[in-house]
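The values are calculated or read from the model by the stated rules, or taken from the named source; none is laboratory data. Since the model is a prediction, treat every value here as computed from it, not as a measurement. We place every Cβ from the backbone using ideal geometry, glycine too, and count neighbours over all the protein chains shown.
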């Protein structure tokens, strides 16, 4: 099943459900408030709705811009971390064989743990699992720390390995931070309250034709529901419907068997 179709299946009930509720609310409002009572304030309500709608549209645009940027940052952190793992795994092949094997085995274990355990843990806020996976990366550091380069060439490689490891550690921290970043609760309240006010304000307009009033109200409510769905989904970069994929890590794992990652440096002097 394609991503487009899965998105449609998840989005359509929300959009149509909110549109239906808004129309039912309109019918209830029109049953209580006669059309004659709305005609006298049409111009004032129009100006009010234009102001409120403009402010809310700017708010939605701003929040979408922010969460889209955070989502793209999260994807970038994942790609950079996978690249850092590959670089460290390959660069470690220039160290003495015992150290190379220890580092590469721990990197393999770390990558497997990220894909099989930590990815789901980030969506649940499971700090215990995240700490356990992080401990595997600490073991990589211990293997690097125990290394004793035997030549000037290996010393240069060792310095590069230290740099690659620090980069990997930094990007991992950025990825975990991105997985915890959320819209503040006060902003969420403002978004939902603004939606209710904007949709409810449509009821005050004096449409002569009820069906046209219902159509305009339902379309506005559906559009707002769509945007709010997008905001909530992007806000959960690793747990939303369009979540950040672990594909860069899977590609990184496939590179580990390449000859450039398995060369021994014991003969280098």
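May I ask you to verify whether residue 109 is surrounded by fewer than 16 Cβ atoms within 10 Å (Cβ to Cβ) and touching a helix residue (DSSP H, G or I) at 6+ places or on another chain (Cβ under 6 Å)? Spelling it out, residue 109 is indeed surrounded by fewer than 16 Cβ atoms within 10 Å (Cβ to Cβ) and touching a helix residue (DSSP H, G or I) at 6+ places or on another chain (Cβ under 6 Å).
If you go through region 40-54 and keep only what is in a helix (DSSP H, G or I) and either touching a residue at least 60 places away in the same chain (Cβ under 8 Å) or under 25 Å from the mean Cα position of the chain (by Cα) (or both), you end up with 42, 45, 46, 48, 49, 52, 53. Using the structure shown, decide if residue 200 is within 30 Å of residue 88 (Cβ to Cβ), touching a residue at least 12 places away in the same chain (Cβ under 8 Å) and either over 21 Å from the mean Cα position of the chain (by Cα) or crowded, with 16+ Cβ neighbours inside 10 Å (or both). Against the criterion (within 30 Å of residue 88 (Cβ to Cβ), touching a residue at least 12 places away in the same chain (Cβ under 8 Å) and either over 21 Å from the mean Cα position of the chain (by Cα) or crowded, with 16+ Cβ neighbours inside 10 Å (or both)), residue 200 does not qualify. The set of residues in region 208-248 that are farther than 30 Å from residue 184 by Cα and in contact (Cβ under 8 Å) with a residue 12 or more places away in the chain comprises 208, 210, 213, 214, 216. When you scan region 73-95, do you find a residue that is at pLDDT below 90, over 30 Å from residue 226 (Cα atoms) and outside any helix (DSSP H, G or I), even just one? Checked region 73-95: at least one residue is at pLDDT below 90, over 30 Å from residue 226 (Cα atoms) and outside any helix (DSSP H, G or I).
Against the numbered list (1) loosely packed, with under 14 Cβ neighbours inside 10 Å; (2) free of Cβ contacts under 8 Å to residues at least 12 places away in the same chain, residue 188 comes up short only at (1). Among residues belonging to region 1-39 that are assigned to a loop (DSSP other than H, G, I, E, B) and exposed (fewer than 10 other Cβ atoms within 10 Å of the Cβ), point out the one that is modelled with the lowest pLDDT. For region 1-39, the residue satisfying everything is 1. A single member of 241, 236 is farther than 30 Å from residue 95 by Cα and either crowded, with 19+ Cβ neighbours inside 10 Å or modelled with pLDDT of 90 or more (or both), and it is 236.
Per the listing 196, 205, 215, 220, the residue uniquely assigned to a loop (DSSP other than H, G, I, E, B) and closer than 22 Å to residue 38 by Cβ is 205. For region 143-155, the tally of residues that are part of a helix (DSSP H, G or I) and more than 18 Å from residue 167 (Cβ to Cβ) stands at 4.
Of all the criteria given as (1) surrounded by 14 or more Cβ atoms within 10 Å (Cβ to Cβ); (2) touching a residue at least 24 places away in the same chain (Cβ under 8 Å); (3) within 18 Å of residue 195 (Cβ to Cβ), the one not satisfied by residue 57 is (2).
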